Amino acid sequence: MRRSGTLSYSYRLLGGHLLQETWDPEGLLSTLPAIATTLLGVLAGRWLRRRQASPRMVHGLAIAGVASTMLSLAWGRFVPIDKNLWTSSYVLFTAGAALVALATLYWVVDLRRWRWLAPLVAYGMNPTAVFVASGMFTKMLLPVRVGGEEGPALYGWLYARVFEPWAGPLNGSLAFALAHVALWWAVAHLLHRRGIYTKV
């Protein structure tokens, strides 16, 4: 199925109730597979809670991750892997990649006890707070103009003036992203030290 075919189905079903002209990244046809993504995460969590830390747990996560990724590549020949449409093949692909990453981290942190990864715990203890706050922070910077109403947005200005001059456009973008991550790690670390956690 080509993407154009997928878009036409969305348009026929929902008509003028779409975010974009012919498709909707957050509409009905993408909400259902997004729910599937959530449920796959719940299943992974149940798998972790049902068993004690062991190589068998890691093997189970890794095997499920590889199988999901391979299945997504096969299914992607019929339904393309597309993030904007959040297709079923995209669900399988991202779930597989996440399971492999989870298995790897579980092995090095919980089984091998690599303490140098301990600083990342702060992120894991407050993921919702960091996700929401970082998104709001970015949205607050975008409307702020440097040098008047016709000037560039502060968000883009920081990249262009602080990071791009010494690192170039490609590495400057990477450095900007890493600085953003480091900033919010510092916030998460402060919350973690004070025992402040957000839960849904």
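Quick note: the coordinates plus some simple rules give every number you see, no bench work behind them. If you're wondering where the values come from, they're calculated on a predicted model, not measured in any experiment. Cβ atoms come from the backbone with ideal geometry, glycine included; neighbour counts cover every protein chain shown.
Key figures
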item	result
Over the chain - Rg/Rh using Cα atoms and the Kirkwood inverse-distance radius	1.03
Of the chymotrypsin sites (Phe, Trp or Tyr not before Pro) in the stretch 48-126, those whose Cβ has at most 16 other Cβ within 10 Å and which sit in DSSP loop	PHE78, TRP114
Spatial extent of the stretch 120-193: Rg and Dmax, with the Cα atoms as the point set, Å	14.1, 42
For the stretch 74-110 versus the stretch 144-200, the gap between their alpha-carbon centres in whole angstrom	28
Within the chain: Cβ-based charge dipole about Cα centre, in debye rounded to nearest 20 (Lys, Arg +1; Asp, Glu -1)	1020
Diffusion coefficient, µm² s⁻¹, Stokes-Einstein with Kirkwood Rh over alpha-carbon pairs of the stretch 39-130 at 10 °C and 1.306 mPa s	110
